[in-house]
Amino acid sequence: MNYVYILECGDNGFYTGCMNDPGKRLERHKGGKVPATRDRLPVKLTSYFAFDNKYTAFNFKKYLKSGSGQTFLKKHLV
């Protein structure tokens, strides 16, 4: 499985990413080993979406980072 996840960061912002091993990736974020969130700790998992296909997951992540995807997130999830 491939996952698209949304983290709430310590700066009250959000981070969206893809992963195929949820446990390892989240521990890397929480441990400050991911440059994109290192200065935004602590992080908390708020949502995730599971996909069979990694390309579908990547495209969904790309959508969530777009303007309409941000609107979708604000309206439905966060």
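Probing with 1.4 Å while keeping every protein chain in the model, the per residue accessible area of the chain equals 65 Å².
Shown for the chain: the carbon plus sulfur share of the solvent-accessible area, taken with all protein chains present and a 1.4 angstrom probe, equals 51%.
With a 1.4 Å probe and all protein chains in place, put Lys61, Lys24 in order of accessible area, largest first. If you can, show how the numbers build up before the last one.
On the way: Lys61 40, Lys24 140 Å².
I get Lys24, Lys61, largest accessible area first.
Extension gain for the segment Ala50 to Lys74, taken as residue separation times 0.36 nm less the Cα-Cα distance, is 6.7 nm to one decimal.
Taking 18 Å as the straight-line reach from the Cα of Lys74, the lysines in range (excluding those fewer than 8 positions away in the same chain) are Lys44, Lys61, Lys62, Lys65.
What the Cα atoms of the chain give is an Rg and a Dmax of 12.1, 32 Å. Sequentially through the stretch 51-67, phi angles give Karplus couplings (6.51, -1.76, 1.60; θ = phi - 60°) of 9, 6, 10, 5, 6, 5, 4, 4, 5, 5, 4, 4, 4, 4, 7, 7, x Hz, Gly and Pro residues having no value and appearing as x.
The values are calculated or read from the model by the stated rules, or taken from the named source; none is laboratory data. Fair warning: this is a prediction, and the values are worked out from it, not measured in the lab. All accessible areas refer to the heavy atoms of the entire protein, side chains included, with ligands and DNA or RNA removed. Shrake-Rupley method; radii C 1.70, N 1.55, O 1.52, S 1.80 Å.
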